[in-house]
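Bear in mind that the values in this text are calculations on the coordinates, not laboratory data. As the structure is a computational prediction, the values presented were derived from the model and not from experiment. When we count neighbours, we look across all protein chains shown, and the Cβ atoms used for this are built from the backbone with ideal geometry, even at glycine.
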Ligand SMILES: CC(C)(COP(=O)(O)OP(=O)(O)OC[C@H]1O[C@@H](n2cnc3c(N)ncnc32)[C@H](O)[C@@H]1OP(=O)(O)O)[C@@H](O)C(=O)NCCC(=O)NCCS
């Protein structure tokens, strides 16, 4: 399925609320991601995505609709050469290679739009799908911290995957 990364529009709010309101998505994300996810949450999120320059948060979209989100968050202070990558996809679209493609596109974008030399992501130990996405996209597992995360009342390992600008060939 063909997808692109594009800016969020206010007209995306209803589909966003519909796809994001899914415990199977939320259970793999931090508690900042609302669950349940309301139309008001969707509107606030879309508004926030318009405030960054350069753009940090994109919609993953088919020709018809937005089906997921991907964001790059530059770090501060002594960590300012790093940015954290986060993403989720609507459940009906899982397993079609969409996120692997989106992550590679964001990595290329991130290293050209921001003055950073490392992009990292922190999937939970139980999130095999996300780990595979990162490995397919050229990220290396740099660290595993045991049971540092508490999510839905259960401890989770925190995995740190990263990709370095210097290791990327065709930016
Ligand atoms: C994790 C997630 C992003 C994967 O997106 P996706 O578009 O389905 O991933 P892809 O289709 O690109 O899959 C990449 C690889 O992972 C595998 N994979 C995907 N989901 C998997 C799962 N749940 N279990 C095992 N393998 C899985 C695919 O088979 C594929 O492997 P292959 O190329 O060897 O066939 C998606 O399931 C999702 O949004 N989950 C909820 C939110 C989330 O976990 N976000 C990331 C937080 S770090």
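Tabulated data
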item	result
Residue order, fewest to most beta carbons within 10 Å, for 100, 10, 137	10, 100, 137
Virtual spin-label span in nm between residue 31 and residue 117, 7 Å along Cα→Cβ	3.7
Using a Förster distance of 30 Å, the FRET efficiency for residue 1-residue 147 (Cβ separation, nearest 0.05)	0.25
Residues residue 52 and residue 158, FRET efficiency given R0 of 22 Å [Cβ-Cβ distance, rounded to 0.05]	0.30
Contact order normalised by residue count of the chain, Cα under 8 Å, 6+ apart, percent	19
